[in-house]
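Only one structure is covered here, and it is reproduced in the block below.
FYI, it's all coordinate maths here, none of it is from the lab. Bear in mind that the values here come from a model prediction, so they are computed numbers and not experimental data. Cβ: placed from backbone, ideal geometry, glycine included. Neighbour counts: every protein chain shown.
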Amino acid sequence: MGDCGDALNKELPGATVTSIAAIYAHLVFAEDTIVNGMIQGKPPIYPQDGREATTGVPFPGNPGMGDWAKGLQMNYPAFQEYAKEVFANTDVYLSAVSEADLQKKVQTPAGEQPVEWVVVTLLGTHAPQHIGEIAALKGVQGLKGLPF
């Protein structure tokens, strides 16, 4: 992500996909709201501490890819600090979650599911799908999409 430069916030003419910044923000917002909100019943990290003003990214509430993504101008270093906090928060949660907690049921877009389903199905597949999207968008803009 750090090598995107101007491609970060660029929306490709005629494309049906948003910018790299919007996809990355969606990915991080989703992890924040899944781990904190859906699983633990806590508020997401992002709306705290006035991050929107420093990152340039409005918090959509439900991190879908609606109109909030159009014209987004991310300050990547500031947003990356938040992303690091989200990823560390997820690591802490997953390192301490009990078997009993994994069996608890929570409400998901697919109805009521056990937390282990959320971890495997939502957290385990969501980010890799969007990382592929980001890699493709980098590639069509002349950047190295994947690190290999």
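Cβ-Cβ distance of Thr16 and Ala135, R₀ of 22 Å, FRET efficiency by 1/(1 + (r/R0)^6): the value works out to about 0.80. Over 23 Å apart at the Cα level, from the set Lys84/Lys105; Lys42/Lys104; Lys70/Lys105, are Lys84/Lys105; Lys70/Lys105.
GNM remark for the chain: springs join alpha carbons under 10 Å apart, and the peak mean-square fluctuation among Leu27, Leu123, Leu12 falls on Leu12.
The slack in the chain from Ala78 to Thr121, taken as 0.36 nm per residue of separation less the alpha-carbon distance, amounts to 12.6 nm. Our analysis of the range 74-137 gives Rg over Rh at 1.05, with the two radii drawn from alpha carbon positions and Rh computed by the Kirkwood formula. Per-residue extension of 0.36 nm, minus the Cα-Cα distance of Ser95 and Lys70, leaves a gain of 5.4 nm for this segment. For the chain, modelled as a GNM with alpha-carbon contacts under 10 angstrom, which of Ala25, Ala78, Ala96 fluctuates the most? Sorting by GNM fluctuation, first place goes to Ala96.
Any idea what the relative contact order of the range 28-102 is, in percent, if you count C-alpha pairs under 8 Å spaced at least 6 apart? Computed value for the range 28-102: 32 percent relative contact order. The alpha carbon centroids of the range 97-148 and the range 43-60 are separated by 21 Å. Distances between placed amide hydrogens fall under 5 Å for Cys4 paired with no residue 5 or more residues away or on another chain. Around the amide H of Thr108, modelled in the peptide plane, lie the amide H atoms of Gln113, all under 5 Å away and 5 or more residues distant in sequence or on another chain.
In the chain the Cα-Cα distances spread across 10 Å bins starting at 0 as 11, 39, 33, 15, 2 percent of all pairs.
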